[in-house]
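S.K.: Please see the structure below; I have some questions.
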Amino acid sequence: MDVPEINPRGAEAPCRQIAAWLRARIEAGEFRPGEDPLPSEKDLVGLFGVARDTARRAVQLLRDEGLVETIPQRGAYVVRR
């Protein structure tokens, strides 16, 4: 999995950088709607070396855009369009 380095002092907040990476993977079809969960917050923390709150905010941004839905105890999934 090709993971970009997060720039904590970049023009874009780390949560937005992670959300952009996830969005690109969603648009590339790497996550099938309703079937493939996005990486968990814990996985995102490990992949990017960020705080859990940063990972949570990244997923929240995608939820706010209507790209994903979160199912308690199961994870975040791409919404069918």
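S.K.: Would you point out the residue of region 44-54, among those that are within 18 Å of residue 30 (Cβ to Cβ) and aliphatic (A, V, I, L, M), that is surrounded by the fewest Cβ atoms within 10 Å (Cβ to Cβ)?
M.R.: Among those that are within 18 Å of residue 30 (Cβ to Cβ) and aliphatic (A, V, I, L, M), it is 47.
S.K.: Working only within region 16-36, note down all residues that are in a helix (DSSP H, G or I), in contact with a Lys or Arg (Cβ under 9 Å, 6 or more places away or on another chain) and either aromatic (Phe, Trp, Tyr) or within 14 Å of residue 68 (Cβ to Cβ) (or both).
M.R.: Just the residues of region 16-36 that are in a helix (DSSP H, G or I), to begin with: 16-27.
Within this subset, residues satisfying the condition of being in contact with a Lys or Arg (Cβ under 9 Å, 6 or more places away or on another chain) are 16, 18-19.
Scanning region 16-36 gives 18, 19.
S.K.: Could you grab the pairs with beta carbons closer than 7 Å, sequence gap of 6+ or different chains, first residue in region 35-62 and within 12 Å of residue 14 (Cα to Cα) and aromatic (Phe, Trp, Tyr), second one at pLDDT 95 or above and surrounded by 20 or more Cβ atoms within 10 Å (Cβ to Cβ)?
M.R.: 48/18
S.K.: Within region 44-64, is there a residue that is hydroxyl-bearing (Ser, Thr, Tyr) and either outside any helix (DSSP H, G or I) or over 11 Å from the mean Cα position of the chain (by Cα) (or both)? Quick ask: steps written out before the conclusion?
M.R.: The initial filter retains those residues of region 44-64 that are hydroxyl-bearing (Ser, Thr, Tyr), namely 54.
Filter once more, so that each one left must be either outside any helix (DSSP H, G or I) or over 11 Å from the mean Cα position of the chain (by Cα) (or both): none.
Scanning region 44-64, I find no residue that is hydroxyl-bearing (Ser, Thr, Tyr) and either outside any helix (DSSP H, G or I) or over 11 Å from the mean Cα position of the chain (by Cα) (or both), so the answer is no.
S.K.: Which of the residues spanning region 65-81 are outside any strand (DSSP E or B) and open to solvent by 60 Å² or more (accessible area, probe 1.4 Å)?
M.R.: Residues of region 65-81 that are outside any strand (DSSP E or B), as a first pass: 65-67, 72-74, 79-81.
The answer is 65, 72, 73, 74, 80, 81.
The values are calculated or read from the model by the stated rules, or taken from the named source; none is laboratory data. Predicted model only: the values in this text are computed from it and were never measured. Using ideal geometry, Cβ is built from the backbone for each residue, glycine included, and neighbour counts are taken over all protein chains shown. Heavy atoms of the whole protein, side chains included, go into the accessibility calculation; ligands, DNA and RNA do not. Shrake-Rupley method; radii C 1.70, N 1.55, O 1.52, S 1.80 Å.
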